[in-house]
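Here the structure is laid out as structure tokens; the discussion comes afterwards.
The values are calculated or read from the model by the stated rules, or taken from the named source; none is laboratory data. Given the structure is predicted, the values throughout are model-derived calculations rather than measurements. A quick note on method: Cβ atoms are made from the backbone with ideal geometry, for glycine too, and the neighbour counts reach across all protein chains shown. For accessibility, only protein heavy atoms count, side chains too; no ligands or nucleic acids. Shrake-Rupley method; radii C 1.70, N 1.55, O 1.52, S 1.80 Å.
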Amino acid sequence: MCVWSAEFANGTLGSLRVAYSLPWGDDGPNGGVEEAQRDFEEKRESLAEGYSSAYRLVQEARALEIGDESFVTHFLEGSEEQGSVAQVHVRDAEYLVEVTLREVWEDQPSGVDFTLGEEVLISIAERAVDRLEDHGRD
């Protein structure tokens, strides 16, 4: 996992996070493709299918064509002051990739529209998946 501090085009402060993971099976990490499919589906159900709660308000979600299956989602999170979050989730074989843009809440105007930079977010996810193949995962 890598995390960077960021200043977005409108001057809002936030972070960019890129994370790779393997699902946990009965024997530890790398439970295989079936475990990855299950983990990915759980994430899709909680984010992409519009699950909202007092803490998370999903604004938009849709499928992408990266890896074996993927989606992008935009939501607000927080109980009182809500901060914007945009995520791309990808499953490529047994690997899970998550790219997240998150606004810093303190002293910031909330509700940043990350759809304006969505192409950049998606291209980062595409490159992250390409890196799996570059490092011998075939």
On the basis of being closer than 23 Å to I124 by Cα, open to solvent by 40 Å² or more (accessible area, probe 1.4 Å) and modelled with pLDDT of 85 or more, does D68 make the cut? yes
Check off (1) more than 17 Å from I122 (Cβ to Cβ); (2) buried (at least 17 other Cβ atoms within 10 Å of the Cβ); (3) touching a residue at least 40 places away in the same chain (Cβ under 8 Å) for V58 and give me the number that stays unchecked. (3)
Against the condition open to solvent by less than 20 Å² (accessible area, probe 1.4 Å), in a helix (DSSP H, G or I) and modelled with pLDDT under 90, how does A128 come out, does it pass? no
